[in-house]
Structures are given as structure tokens and as C-alpha cells.
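Please read the structure below before turning to the comments.
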Amino acid sequence: MVSQQEIDTYLEDFQKQFAALLKAKNIDGLVQLYHPDAAFVHAGVDGVVGRKAIAERLKPFTEDDTDFTVSVTRNLFTGPDAEFIVHEGTFAINAEDGKVFPYRQIFKKTGGKYLIYHDEYTA
């Protein structure tokens, strides 16, 4: 059985890894954090499925030196062996005058590790 503390620690480390890859403008590394069939959704606007399409959507986030600040709202795990994690929070972009935007990521355990299966944000 997985504990809440283990899930929280895992996601904290995951967010640090994601931020480092984003700052390094490493699109190839970023898309490896996504499940091959992942969905990337700009809520109310559009969405794409698959790593290749997600890579295209992530490029604009790496094209300048914009800083993101992330705040976690909650982490939930589901299934008998924590097969899925629902991670919710908000992010602020320094170029957006302090506006805060919600996001939600659903992780799926694949090959013994968690990959982003659904990534949704509002901006």
C-alpha cells in the first residue's frame, strides 16, 4: 500500500524535475514524463493527444525565460495499488502580473513509475 506521504514526496520531486527540464528547454526530456497516450488540454480551448503533439504544445513554454510558480492544492491516489494519482494546483507566471491559473494532472503508473496521463490547465 502506498502512503499519502510517499505520493506527496514523489510529486514534489517530479515537479522539481519538470521545472528543471522546462528551464533547460529540454522538450525531449519533458515529453518522456508523459504517457505515450497522454492528453494535454488547454481547458475550454483545445487539446492534443500523444507525445509528439504535446512536444509542440510545450515549445512555447520553453521559448523565453518566463518563471512559473507552482502551488499544490491536493494530491489524491486511487486504485488498490495507487494506479492513478490526481494532482491539482495553481501556477503563476511572472509575466502575467500575478494572475493565478488552475491546473490538474492525472498520473498513471506505467512500468513501475508514474507518467502524466492527462495534463489540463486554464489560462
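All of the numbers you see were taken from the coordinates with simple rules; none came from a lab. All figures in this text were calculated on a predicted structure; none of them were measured in a lab. Neighbour counts run over all protein chains shown; Cβ positions are idealised from the backbone, glycine included.
How high is the relative contact order of the chain, in percent, with contacts defined as C-alpha pairs under 8 Å that are six or more residues apart? It rounds to 24 percent for the chain. Helix 4-23 and the longest principal axis of the C-alpha atoms of the chain enclose an angle of approximately 30°.
As a ratio to 2.2 N^0.38 Å, the alpha-carbon radius of gyration for region 4-121 is 1.02. Along the charge dipole of region 4-121, Cβ charges K/R +1 and D/E -1, which of 53, 70, 7 sits furthest on the positive end? Value computed over the given set: 53. For the listed peptides 47-53, 85-91, a ranking on the average number of other beta carbons within 10 Å per residue, highest first, reads 85-91, 47-53. Compared with the dominant principal axis of the Cα atoms in the chain, helix 51-62 is inclined by about 50°. Cross-link partners for residue 25 among the lysines, with Cα-Cα distance under 22 Å and sequence neighbours closer than 8 places in the same chain left out: 16, 52, 59.
Close amide-amide hydrogen proximity is noted between residue 83 and 78, each under 5 Å apart and 5 or more residues distant or on a separate chain (H modeled in the peptide plane; Pro and chain starts excluded).
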